[in-house]
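See structure below.
The values are calculated or read from the model by the stated rules, or taken from the named source; none is laboratory data. Please read all numbers here as calculations on a predicted model, not as lab measurements. No Cβ is skipped: glycine too gets one built from the backbone with ideal geometry, and neighbour counts run over all protein chains shown.
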Amino acid sequence: MSPFNAELIGTFLLILLGCGVNANVVLEGTKGQNSGWIVITAGWAFAVFVGVVVAAPYSGAHINPAVTLGLAAAGEFAWASVPGYLVAQMIGAMLGAFAVWLVYRDHFNRTADIDLQLGVFSTAPAISNRLLNFLSEALGTFVLVFTVLYFTEASLGDEKTIIGLGSLGALPVALLVWGIGLSLGGTTGYAINPARDLGPRIIHLLVPINGKGHSQWGYAWVPVVGPVLGGLLAAGLYLVLN
């Protein structure tokens, strides 16, 4: 499997299971309806675990543009490979969100609350304050990328292992994302991944759902630019300390 395909499939699995747990918790008539924030954060952590397990041997399992850009800025990943990774991640995210819509289509159509419909696909602030929402996304992603950069310090003999989320295995990364969600996710829903929010938001725009509302493009820049800035700041601090 090529790195491009690995990033595409890994991100597809991330979004399939991540947006899938959102759907199970918030949509009308599901078996998991109203099961709560712990279920959502755990589901996203397990989604990361699955995506990393599959993609790690072939691409390093970035499955997140902020991670790819952060690693490149820190000198741990080739800039020439960045565009291909970003494209693969966006395609995978869109396909994953589309699959969730197919699986839960009847439940989408029974859910009258347009915010819950959109919330399956994309994040939104609990309290709208663009500056603090931006800070929340940037800080959460800073923690993610800064920690991942130290994961990638693992080595085998004189050679570094594959640079990326899969360097020490999937479980530490899943626990890291779970911790970020539990601690910092309550303000915005912790996208901490531009593809995770933008790809599904595009699918929300395109698919038919009964009574569907707007995709809230006025907010969409926050979970894209915030994570990118957070990842770059993490890379900068990493370079200063190392």
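Tabulated data
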item: Per-region count, region 26-60, residues within 23 Å of PHE108 (Cβ to Cβ), over 18 Å from the mean Cα position of the chain (by Cα) and of a type outside the set (D, E, K, R); result: 9
item: Test: residue in region 151-161 that is among the aliphatic types (A, V, I, L, M) and modelled with pLDDT under 95; result: yes
item: Residue match in region 96-112 (condition: closer than 29 Å to GLY29 by Cβ, free of Cβ contacts under 8 Å to residues at least 12 places away in the same chain and either among the hydrophobic types (A, V, I, L, M, F, W, C) or part of a loop (DSSP other than H, G, I, E, B) (or both)); result: yes
item: Qualifying position, being in a loop (DSSP other than H, G, I, E, B) and not basic (Lys, Arg), among GLY75, GLY84; result: GLY75
item: Filter pass, PHE142 being of a type in the set (Phe, Trp, Tyr), closer than 27 Å to VAL207 by Cβ and surrounded by 20 or more Cβ atoms within 10 Å (Cβ to Cβ); result: no
item: So GLY179, is it surrounded by 22 or more Cβ atoms within 10 Å (Cβ to Cβ) and either over 17 Å from GLU76 (Cβ atoms) or at pLDDT 95 or above (or both); result: no
item: Filtered residue count, region 37-84, keeping only those that are under 16 Å from LEU229 (Cα atoms) and among the small types (Gly, Ala, Ser); result: 5
item: Some residue of region 96-106 being within 30 Å of LEU239 (Cα to Cα) and among the hydroxyl-bearing types (Ser, Thr, Tyr); result: no
item: Subset of region 13-37 (residues that are at negative phi, of a type outside the set (Lys, Arg) and without any contact (Cβ under 8 Å) to a residue 12 or more places away in the chain); result: GLY32, GLN33, SER35
item: Counted residues, region 181-235 - those being assigned to a loop (DSSP other than H, G, I, E, B), out of contact with any Leu (no Cβ under 8 Å at 6 or more places or on another chain) and small (Gly, Ala, Ser); result: 6
item: Residue list for region 115-150, restricted to those being over 26 Å from LEU69 (Cβ atoms) and outside any helix (DSSP H, G or I); result: ALA126, ILE127, SER128
item: Residue match in region 22-42 (condition: of a type in the set (Phe, Trp, Tyr) and closer than 21 Å to VAL103 by Cα); result: no
item: Matching residues, region 215-240, being within 21 Å of ILE180 (Cα to Cα) and of a type in the set (A, V, I, L, M, F, W, C); result: ALA220, TRP221, VAL222, VAL224, VAL225, VAL228, LEU229, LEU232, LEU233, ALA234, ALA235, LEU237
